Ligand code: FMN
């Protein structure tokens, strides 16, 4: 039977907690303790409509996956739905919403955007504070985040000249799947925080540009919605946060396998959340801005603002913290036929162990500097792997991510043996600022920069990029790293 608001409002506590989401009533009393973001945020909306805080961060199938059919109590009545619609239309805009609206009107035309830095600049203006805090945040003092990018400035090209490059082909393959460029989208959570269409902007932008998208376990759209938005020939990879319960992890793997995802990237560098202070501070900033009007950071599964973990904490609360080479890789192999890539390798020795474990590839990454502060810059780790264990590159594919913002960055990594490189934040910024067209623009900028660098290096194809074409330099003897 349809529910009146009055009836729903009686269930406003730990003993009986109901919420309304998109005019449907749910009994979340039992779920309170299981909610990854903690119970406090749900209790804040107990007996009330929670749609506006729920929608931007949860995929559409989250309720079905987490609640039993009996906990779905049915729709609200006609009076209630009229009232809720009216309330929504009369809602006073927050200062941040007003700022975002104005900034969107002032966005530069896309043809004025010529670099990834330009896109990031626009994103900074137009993103809601909460989204920008989540996207831009990194661990502690952001040293690893900054060094990821800075590492590229220590590697210089030794170009070849007098080589024919009028025809230059930057295409390659990743795990056997074609890609127009040696780049891919790194799985990053919560694209809907930045744009209502979320991950689908990236899917569509990649389809027309022939770039592979890795979809996050914590995408804000369901894996099925993203797969449905892809074109028939498009390749999607899946980033796996392995649940501590193997049975639940297996369900997730089977789901994406059935949906046609083509590889599993198992993330191993985020078993506990990094200390991301910009993200943790976000609710207080919004709070102050609204002069006492409490605005919670309900990010990804609704982070409990008192938990001090920020948005990231809630997302990985159920992850397996006891993964090992001996146990986890054989288990994963036994449950899926998909290629397996380990995401989050941070040193040469672990790259070698991954190779011995027989995985199909490794993604050298420190999670964009968001996890372990002072984790080595991936480019430096790639360089050391190339120098110390060149044989690894013949046995499995090696990729890096973190701080890649220029075509020359991509080309440097390719010279050192990376089959491809991943980009995280740049895709989030592009889709937030300009939707699907922003994603296409980003890819076209990188294409131009990659082809230019290749031609100037005397490389007509990716295979022409070799380790001798880059040299690691340190202009400052005082900081010369021991290799
Ligand atoms: N990595 C994961 O394995 N799973 C995630 O859900 C995930 N979410 C992320 C969310 C955001 C906002 C960002 C910025 C990164 C996230 N990452 C995640 C890390 C990215 O996959 C990637 O390693 C990183 O962004 C690369 O660095 P870059 O942003 O400098 O390109």
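The values are calculated or read from the model by the stated rules, or taken from the named source; none is laboratory data. Values in this document were obtained by computation on a predicted structure and should not be read as measured data. Here the Cβ is made from the backbone with ideal geometry for all residues, glycine too, and neighbour counts use every protein chain on show.
Take the conditions (1) on the phi < 0 side of the Ramachandran plot; (2) free of Cβ contacts under 8 Å to residues at least 40 places away in the same chain; residue 210 misses just one of them, which is (1). Those residues that are closer than 26 Å to residue 260 by Cα, in a loop (DSSP other than H, G, I, E, B) and more than 16 Å from the ligand (Cβ to nearest atom), I need them from the range 316-337; list them, please. Once the filter is applied, which keeps residues that are closer than 26 Å to residue 260 by Cα, in a loop (DSSP other than H, G, I, E, B) and more than 16 Å from the ligand (Cβ to nearest atom), the range 316-337 yields 336, 337. Looking only at residues in the range 125-140 that are at pLDDT below 95 and more than 13 Å from the ligand (Cβ to nearest atom), the one that is farthest from residue 275 (Cα to Cα) is 128. Listed conditions (1) surrounded by fewer than 19 Cβ atoms within 10 Å (Cβ to Cβ); (2) assigned to a loop (DSSP other than H, G, I, E, B) are all met by residue 371, apart from (1). Of all the listed residues (466, 387, 452), the sole one being surrounded by fewer than 20 Cβ atoms within 10 Å (Cβ to Cβ) and closer than 20 Å to residue 180 by Cβ is 452. The set of residues from the range 250-261 being free of Cβ contacts under 8 Å to residues at least 60 places away in the same chain, touching a helix residue (DSSP H, G or I) at 6+ places or on another chain (Cβ under 8 Å) and within 16 Å of the ligand (Cβ to nearest atom) comprises just one member, 256. Of note, residue 247 satisfies the criterion of being more than 14 Å from the ligand (Cβ to nearest atom) and either surrounded by fewer than 20 Cβ atoms within 10 Å (Cβ to Cβ) or closer than 18 Å to residue 423 by Cβ (or both). When residue 400 is evaluated against the numbered criteria (1) in contact with a strand residue (DSSP E or B) (Cβ under 9 Å, 6 or more places away or on another chain); (2) in contact (Cβ under 8 Å) with a residue 60 or more places away in the chain; (3) within 17 Å of residue 453 (Cβ to Cβ), which criterion, by number, is the only one it fails? It fails just one condition, (2). Please determine whether any residue of the range 383-392 is assigned to a loop (DSSP other than H, G, I, E, B), under 21 Å from residue 148 (Cα atoms) and away from the ligand (no atom under 11 Å from the Cβ). No, because not a single residue in the range 383-392 is assigned to a loop (DSSP other than H, G, I, E, B), under 21 Å from residue 148 (Cα atoms) and away from the ligand (no atom under 11 Å from the Cβ).
Matching residues to (1) away from the ligand (no atom under 16 Å from the Cβ); (2) in contact with a helix residue (DSSP H, G or I) (Cβ under 7 Å, 6 or more places away or on another chain):
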residue: 166; (1), (2): yes, no
residue: 176; (1), (2): yes, no
residue: 181; (1), (2): no, yes
residue: 184; (1), (2): no, no
residue: 192; (1), (2): no, no
residue: 204; (1), (2): yes, yes
residue: 216; (1), (2): no, no
residue: 234; (1), (2): yes, yes
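Number of residues in the range 262-272 that are more than 11 Å from the ligand (Cβ to nearest atom) and crowded, with 23+ Cβ neighbours inside 10 Å equals 2.
Scanning the range 422-448 for residues that are surrounded by fewer than 22 Cβ atoms within 10 Å (Cβ to Cβ) and either modelled with pLDDT under 95 or over 14 Å from residue 211 (Cβ atoms) (or both) yields 435, 437, 448. Residues of the range 114-136 include at least one that is part of a loop (DSSP other than H, G, I, E, B) and either out of contact with any helix residue (DSSP H, G or I) (no Cβ under 9 Å at 6 or more places or on another chain) or closer than 30 Å to residue 456 by Cα (or both). Checking the stated criteria, residue 461 turns out not to satisfy the condition of being modelled with pLDDT of 95 or more, more than 19 Å from the chain's Cα centre (by Cα), buried (at least 23 other Cβ atoms within 10 Å of the Cβ) and more than 30 Å from residue 104 (Cβ to Cβ). Considering the conditions (1) farther than 24 Å from residue 273 by Cα; (2) more than 18 Å from the chain's Cα centre (by Cα); (3) part of a helix (DSSP H, G or I); (4) touching a residue at least 60 places away in the same chain (Cβ under 8 Å), residue 380 is excluded by exactly one of them, (1). Summed over the range 417-436, the residues that are away from the ligand (no atom under 15 Å from the Cβ), more than 20 Å from residue 239 (Cβ to Cβ) and touching a residue at least 60 places away in the same chain (Cβ under 8 Å) give a count of 3.
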